[in-house]
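Let me begin by presenting the structure, written as structure tokens, before commenting on it.
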Amino acid sequence: MNDVVAALGGIGLGDRLLTGPAALAAFSSDAQTAFQQRAIAVVVAETVGEVQAAVRVCHAAGVPFVARGSGTSLSGGSLPVEGGVLIALNRMNRVLRVDADTRTAVVEPGVINLDVTRAATPHGLYYAPDPSSQSICTIGGNIAFNSGGAHCLLHGMTSNHVLGVRVVLPDGELAELGGPSAETPGPDWTGLFCGSEGLFGIVVEATLRLMPVPEAVRTSLAVYDSLEAAGDAVAQIVRAGLLPVALEIMDALAIEAAEASVKPGYPPGATALLIVELEGERDVVDADAARLDALLTASGAREFLATEDLDERALIWKGRKAAFSAVGWLAPDYIVQDGVVPRTRLGEALVEIGRMSEESGIRVANVFHAGDGNLHPLILFDSAVPGELERAERLGGDILRLCIALGGSITGEHGVGIEKREYLPLMYAPDDLAAMRRLRDGVDPAGLANPGKMLAPEAA
Amino acid sequence: MRHALPMAQIGPQAEPMARAIGACVHCGFCLPSCPTYVELGEEMDSPRGRIILMKEALEGTIELEAALPHVDRCLGCLACVSACPSGVQYGELLTPFRAYAEPRRKRGVLERVQRRLVLQTLPYPRRLRLAARAARLARPVARVLPTSLATMLRLLPRELPAAQPLPHIVPAEGERRARVALLAGCAQQVLDPDITAAAIRVLARNGVEVVIPADQGCCGALASHTGAAAQARAHARATMAAFPRDVDAVITTAAGCGSGMQEYGTLLLGEPDHDDAAQFAGGVVDVCAFLAELGLREAPATRAPVTVAYQDACHLAHAQGVHSAPRQLLDAIVGVTLIEVPEAELCCGSAGTYNVEQPEIAAALGRRKAVNLSATGAHVVASGNIGCMTQISTHLSELGHDLPVLHTIQLLDRAYARTM
């Protein structure tokens, strides 16, 4: 262990090699604080060469390593591993270039998601994937976890927006996957890398696809007296052939949390709130808006409003995007789940979650990407009350089992990480899991890149 | 976040500290708002990182001395409180933690001398005048002094404005709409007595009777925010004793003082006079918040159009939540065009005694602020705190932009007097 630290000391990091107790404590978890682990050292990398050198040292010594951006993973994806090195990439935060002609941006992995859009704005472009933590989460982590976001309903997840990556493989070799355009011949290595949760190595540069800023954006807010009515409205909107860029639902508890926190000023007394956003060319949005308003009226919305004002829209989204952290106002602890169900079975899933919540006596706030059936039940509890943590965890597990039973998945966008790896066998047969392991072993035979995430260590 | 603080051992302050730790969900939304995280990019120097460090130091899983460099580097600007979606009252952890750490920590000789110098000089007008005179003599040798002392010299004005005796009571002009007591501010009264004078004139003109308690001194904010709890409590008690209670509000013109006084309840937690302190704290209002709420009687006008960049003082915007009031007041002045400053939420690096204790980071933030301010093309910079004004003015002139930096209330006053 000391040898590794000494060897890391030889790569010229100076005071960016952190081994003190304060640094190791501060870096001991990401946004999933149920898990804590101190690394043996933290490398605060500033160049590709430093990442490569650090990985080489780890590889030579057989020591595991974990990459970390801003540490906002909700599944413990950037949790250090025992006896391992943590490689912090948040200072590699330069947007290297924005090319308006090809609508691409080349960025370092520590660039904050929203900073890509900030750099693209002068060219009339933006970066579409928008996780709720977009003001701080980094592109490297977005790629590792194939992050989604409210607007991925129309635009697709991160993998749809990454054209190429430069990566440091688990043995320290530098590789280029994909290229500057979407039409790179050969296997889709970039696609394979997106969502690999750090098991295949570390992204050190990414070429991202940018989108033109739409001519018109119209956000509607509809109030319902039941979650099912809101869910039904979603089904009707999709059935009618409308293609909103985002379709989001918040329940009463989530609305209460948002109001306590960032005060978005949602219409009071709502049991469920449906957010629908349309974007595109002016006349398309206008035509769709007329149809949408008719649909919302027919769907039994108690009231609804629509706005194209930038500040008003920002406030609506602020409430939605702060919802996870905002439940901190309602309970001392929470677990956020990320299960997915087929959109057609959304209503069924919500009724069942409500029943399970009542039965266990554990409150659940619901805020979710209704358009793609990605649920985010927020399980509220107080770990100071004996037994509550266990009951909350059991409820979380039951919800995931429910999602699978309904034909869905245990994760939509937060990743498996360390948090949900025990549930992976519920979704995949032993053969599937063995194939995943063989793939991992092919890229990382020594199992040093973020080991223990996604795939649980095999029983000895 | 779960914690296991030894509550009884910490004492009455453990309650608010535990609440802040418990509310943090470690989501990281605070990171981009934190000046030291933006500058240094390391988790230990971020709000959520410091919460972990303070928690672990209190729990005993890391040494206090390991946590302190990072806690010391915190400006206490509370931008993280504005950014936090979970409602973590970070200040209610930081201030008691500093008080907890102070008697338990080891400080070097130079550090002790410097700290004593600051805490025994700044809050006492007579001593501060003396120090400024001494500083003028010391300037030629500034190069050989330690950075922090040299910074102190640099921030002290070359010429001090003449001391102005304050009236005890100023009647409202016209019909009386309110009666308030005004904190003159200790350091502010030496560095720029015009701020208090301007506040009195503007308040009176708007129908407010102003009482200026004669035996008032320092409010204790400076001591409180740097962990000198005993001194802070003494100042707080003296201030509460000096101020009348038959007023509609206690008005402050320095954001740091205002936030310090609004924290009297926490400061005196577990003390016999806690309830009184909490009540007193509830009546403390910043001059801009008070005036915006009351409404200006008539909108003043400048003689010529002027572009004003308003820079939020952290202890006004983040600690007191006063964000729109000063903007409303400036916007009400006919002839003023108000412009927003890029990175307005980022601290200028002044932060009480911070620019003396952490001169490098303070200077980096000061330069950053000055660059952002001069890029706006404004004619005047307005702010709500003497410390920020001094820091901004110093760094603007180092950039070669000698823009006037005024308190919001001074701008109103000059517009009323038609001198601007």
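The values are calculated or read from the model by the stated rules, or taken from the named source; none is laboratory data. Everything quoted here is computed from the prediction, not taken from an experiment. Backbone-built Cβ (ideal geometry, glycine too); neighbour counts: all protein chains shown. The protein model used for the area step is the full one, side chains on, heavy atoms only, and it has no ligands, DNA or RNA in it. Shrake-Rupley method; radii C 1.70, N 1.55, O 1.52, S 1.80 Å.
Which ones in segment B:82-102 are within 12 Å of chain A (Cβ to nearest Cβ) and closer than 15 Å to B:Ala319 by Cα? Lay out the reasoning, then the answer.
Step one: filter segment B:82-102 for residues within 12 Å of chain A (Cβ to nearest Cβ), giving B:82-89.
Answer for segment B:82-102, where residues must be within 12 Å of chain A (Cβ to nearest Cβ) and closer than 15 Å to B:Ala319 by Cα: B:Ser82, B:Ala83, B:Cys84, B:Gly87, B:Val88, B:Gln89.
Given the conditions (1) buried (at least 19 other Cβ atoms within 10 Å of the Cβ); (2) in the same structural domain as A:Ser261 (by TED's automatic domain parsing), which single one is not true for A:Ala294?
(1)
Name the one entry in A:Gly186, A:Gly191, A:Gly141, A:Gly172 that is outside any helix (DSSP H, G or I) and either at pLDDT below 95 or surrounded by 19 or more Cβ atoms within 10 Å (Cβ to Cβ) (or both).
Working: A:Gly191 fails: outside any helix (DSSP H, G or I); A:Gly141 fails: outside any helix (DSSP H, G or I); A:Gly172 fails: either at pLDDT below 95 or surrounded by 19 or more Cβ atoms within 10 Å (Cβ to Cβ) (or both).
Answer to the selection: A:Gly186.
With the condition kept exactly as written, say whether any residue in segment B:156-167 is surrounded by 17 or more Cβ atoms within 10 Å (Cβ to Cβ), within 24 Å of B:Gly260 (Cα to Cα) and at pLDDT below 95. Before you say what the answer is, go through the steps one by one.
Step one: of segment B:156-167, the residues surrounded by 17 or more Cβ atoms within 10 Å (Cβ to Cβ) are B:156, B:166.
This time we only want the ones that are within 24 Å of B:Gly260 (Cα to Cα), so: B:156, B:166.
Restricting the remaining residues to those that are at pLDDT below 95 gives B:156, B:166.
Taking every residue of segment B:156-167 in turn, at least one turns out to be surrounded by 17 or more Cβ atoms within 10 Å (Cβ to Cβ), within 24 Å of B:Gly260 (Cα to Cα) and at pLDDT below 95.
Which condition breaks for A:Thr47 when tested against (1) more than 11 Å from chain B (Cβ to nearest Cβ); (2) open to solvent by 10 Å² or more (accessible area, probe 1.4 Å); (3) within 19 Å of the chain's Cα centre (by Cα)?
(3)
Out of the residues in segment B:111-123 meeting the condition of being open to solvent by 30 Å² or more (accessible area, probe 1.4 Å) and touching a Leu at 6+ places or on another chain (Cβ under 9 Å), tell me which one is farthest from B:Tyr264 (Cα to Cα).
Just the residues of segment B:111-123 that are open to solvent by 30 Å² or more (accessible area, probe 1.4 Å), to begin with: B:111-113, B:115-117, B:120, B:122.
Now restrict to residues that are touching a Leu at 6+ places or on another chain (Cβ under 9 Å): B:117, B:122.
On the way: B:Leu117: 24, B:Leu122: 20 Å.
Top of the filtered list is B:Leu117.
Say whether the condition of being within 30 Å of A:Lys453 (Cβ to Cβ), buried (at least 20 other Cβ atoms within 10 Å of the Cβ) and not polar (S, T, N, Q) is met by at least one residue in segment A:213-228. So that I can check it myself, show each step before the final result.
The first filter runs over segment A:213-228 and keeps only residues within 30 Å of A:Lys453 (Cβ to Cβ), leaving none.
Checked against the condition, which is being within 30 Å of A:Lys453 (Cβ to Cβ), buried (at least 20 other Cβ atoms within 10 Å of the Cβ) and not polar (S, T, N, Q), segment A:213-228 yields no hits at all.
So the check is Cβ under 9 Å with 6+ separation or different chains; which pairs have a first residue in segment A:11-31 that's within 7 Å of another protein chain (Cβ to nearest Cβ) and open to solvent by less than 30 Å² (accessible area, probe 1.4 Å) and a second one that's part of a helix (DSSP H, G or I) and among the aromatic types (Phe, Trp, Tyr)?
Here the result reads A:Ala31/A:Phe324, each pair linking segment A:11-31 to a residue that is part of a helix (DSSP H, G or I) and among the aromatic types (Phe, Trp, Tyr).
Given the conditions (1) within 12 Å of chain B (Cβ to nearest Cβ); (2) surrounded by fewer than 24 Cβ atoms within 10 Å (Cβ to Cβ); (3) touching a residue at least 12 places away in the same chain (Cβ under 8 Å), report the number of the one that A:Ile40 does not fulfil.
The number of the failed condition is (1).
Does segment A:300-358 hold any residues that are part of a helix (DSSP H, G or I), within 14 Å of another protein chain (Cβ to nearest Cβ) and of a type in the set (Val, Ile, Thr), and which are they? It would help to see each step written out before you state the result.
Step one: list which residues in segment A:300-358 are part of a helix (DSSP H, G or I), which gives A:310-321, A:323-329, A:343-358.
Filter again for within 14 Å of another protein chain (Cβ to nearest Cβ), leaving A:311, A:315, A:317-321, A:323-329.
Hit for segment A:300-358 is A:Val327, nothing else.
Test B:Ala134 against the criterion of being modelled with pLDDT under 85 and either in a helix (DSSP H, G or I) or touching a His at 6+ places or on another chain (Cβ under 7 Å) (or both), and give yes or no. Walk me through how you get there before you give the answer.
Values: modelled with pLDDT under 85: yes; either in a helix (DSSP H, G or I) or touching a His at 6+ places or on another chain (Cβ under 7 Å) (or both): yes.
So B:Ala134 passes the test.
Could you tell me how many of the residues in segment B:24-59 are of a type in the set (D, E, K, R), facing another protein chain (nearest Cβ under 10 Å) and either farther than 25 Å from A:Leu114 by Cβ or part of a helix (DSSP H, G or I) (or both)? If you could, list the steps in order and put the result at the bottom.
From segment B:24-59, those of a type in the set (D, E, K, R) are B:39, B:42-43, B:45, B:48, B:50, B:55-56, B:59; that's our starting set.
Next, only the ones that are facing another protein chain (nearest Cβ under 10 Å) stay: B:42-43, B:45, B:48, B:50, B:55-56.
Applying the additional criterion that residues be either farther than 25 Å from A:Leu114 by Cβ or part of a helix (DSSP H, G or I) (or both) yields B:43, B:45, B:48, B:50, B:55-56.
Of the residues in that region, 6 qualify.
Sort through B:Ile21, B:Ile62 and tell me the only one that's more than 15 Å from B:His318 (Cβ to Cβ), within 12 Å of chain A (Cβ to nearest Cβ), in a helix (DSSP H, G or I) and touching a helix residue (DSSP H, G or I) at 6+ places or on another chain (Cβ under 9 Å).
Going through B:Ile21, B:Ile62 in turn, the sole match is B:Ile21.
Which pairs turn up if I take residues in segment A:257-271 that are more than 12 Å from every other protein chain (Cβ to nearest Cβ) and look for partners that are among the polar types (S, T, N, Q) and outside any helix (DSSP H, G or I) with beta carbon separation below 8 Å, at least 6 apart in sequence or on another chain?
So the pair list comes out as A:Thr271/A:Ser226.
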